[in-house]
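Beneath this line is the structure, given in structure tokens, with notes to follow.
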Amino acid sequence: MLEFTLKKHYRNFALNVEAKIGADWLVLLAPSGAGKSLTLNMLAGLVRPDDGRVQVNGELLFDKAAGVDMPIRRRRIGYAFQQYGLFPHLNVEANIAYGIPPAADAQAEVMRWLRFFHLVDKRTAYPGELSGGQQQRVALARALASAPRILLLDEPLSALDPPIREGLQRELAALKGELSIPVVLVTHDFHEAQLLGDRMIVLDQGRVVEAGAKEDIFARPRRHETASFLGVENVMAGRVQGVTRGGVTVEVGGLTFRARPGGRFAAGDKVYCCVRAQDVRLVVDKKRRPNSIGTTVSHIDPREGTNRVLLAPPKKGAPQLVIWLDDYVLGRYGIHVGSRVNVWLPPERIMLCE
């Protein structure tokens, strides 16, 4: 169990974050400068908090009020840094063995992680002889070989090329079945957060704006900034016109949308209608559907068999929409730039955000 409350103040920045997790993967998701890495550094003891406490399995690592500040070497925290942090004068085997406790079977532990991360054939190589993906594997192996009580991962895959990053994401997903300790993962990649996280904290300038189970935040973010950060392409400012048992009616740039019932909004409230591009549906028949819009294709961006299609605002002041259409659909219905199309937004797919 990991519990922490951390506060840190600088001249133009203040961080205030807290969490309580068991053997889960907690994702800190936020853009650069929001306080993610600072949170990890305070947990590890590299930066002293101005206030708060850190407790692991009932043992205090830091408590400002009680005057507790356990030295880094005694905290037993595994830390994989964004820039690897390997010792250039040590080979792979020696790097992994560096933090292993004296009483442990170092050779067996090193071999365990060499095998897990497919590094057996690189055991005598030095960091300068490795690719970026191999260096990151060594850094992860070193953090795990020390038998940590918690594991901290600071954007461990951000510097890697997409194919290598995707491979390591799968390896980290497999790692979840090997560990029974709290893991705190810092990332700004929402796909990575979705794949690896159990719980999530979304930070904005040092402040927690969303916290909870990953599934809940991805399915129904409370704030439109979170929706945008999670990759929701259509974020449209509007105002609530009415609320009934049947749903919420919102005016957006001269268009009227009906969303599913939502308890926290009232008539007159400013609201954002957030819709993922894959949830915007193309109309190909004459059936009447809610939230239907007639518009024009303004741009088509091909993406490996599918296409990101931009739809022009149907009237002045209305929002531009984004929809995903695969190659077959474009060919089947003869859709091209300038085509007139009809789309609709299923009410249950509209997320109403603050």
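State whether one or more residues within the range 22-45 are charged (D, E, K, R), over 25 Å from the mean Cα position of the chain (by Cα) and not in a strand (DSSP E or B). No, the conditions are met nowhere in the range 22-45. Residues in the range 199-231 that are of a type in the set (Asp, Glu) and buried (at least 18 other Cβ atoms within 10 Å of the Cβ) were compared, and the one that is modelled with the highest pLDDT is GLU210.
Taking ARG112 as meeting all but one of (1) under 14 Å from ALA139 (Cβ atoms); (2) surrounded by fewer than 17 Cβ atoms within 10 Å (Cβ to Cβ), write down the number of the exception. So the condition that ARG112 fails would be (1). Mind checking which residues of the range 171-183 are surrounded by fewer than 15 Cβ atoms within 10 Å (Cβ to Cβ) and under 23 Å from PRO31 (Cα atoms)? Passing the criteria: only ALA173. I'd like the full set of residues that are at pLDDT 90 or above and open to solvent by 40 Å² or more (accessible area, probe 1.4 Å), limited to the range 24-36. ASP24 - this is the single residue of the range 24-36 that is at pLDDT 90 or above and open to solvent by 40 Å² or more (accessible area, probe 1.4 Å). Pairs linking a residue in the range 77-94 that is open to solvent by less than 40 Å² (accessible area, probe 1.4 Å) to a residue that is assigned to a loop (DSSP other than H, G, I, E, B) and of a type in the set (A, V, I, L, M, F, W, C), with Cβ atoms under 8 Å and 6 or more positions apart or on different chains, are ASN91/ALA125; VAL92/LEU119; VAL92/ALA125; VAL92/LEU130; ALA94/PHE87.
Cβ-Cβ contacts under 7 Å between residues 6 or more apart (or on different chains), taken from a first residue in the range 219-230 that is touching a residue at least 60 places away in the same chain (Cβ under 8 Å) to a second residue that is open to solvent by less than 50 Å² (accessible area, probe 1.4 Å) and of a type in the set (Gly, Ala, Ser), are listed as PRO221/ALA227. Residues of the range 298-342 that are open to solvent by 80 Å² or more (accessible area, probe 1.4 Å) and without any contact (Cβ under 8 Å) to a residue 60 or more places away in the chain: HIS299, PRO302, ARG303, GLU304, GLN320, ASP327, TYR328, ARG332, TYR333, HIS336, VAL337, ARG340. Taking the range 147-170 as the range and being in contact with a strand residue (DSSP E or B) (Cβ under 9 Å, 6 or more places away or on another chain), under 18 Å from ILE96 (Cα atoms) and at pLDDT below 85 as the test, only PRO156 passes.
The values are calculated or read from the model by the stated rules, or taken from the named source; none is laboratory data. The structure presented is a predicted model; accordingly, all values stated were derived computationally and were not measured. Note that we place each Cβ from the backbone using ideal geometry, even for glycine, and neighbour counts take in every protein chain shown. Calculation scope for accessible area: heavy atoms of the full protein, side chains included, ligands and nucleic acids excluded. Shrake-Rupley method; radii C 1.70, N 1.55, O 1.52, S 1.80 Å.
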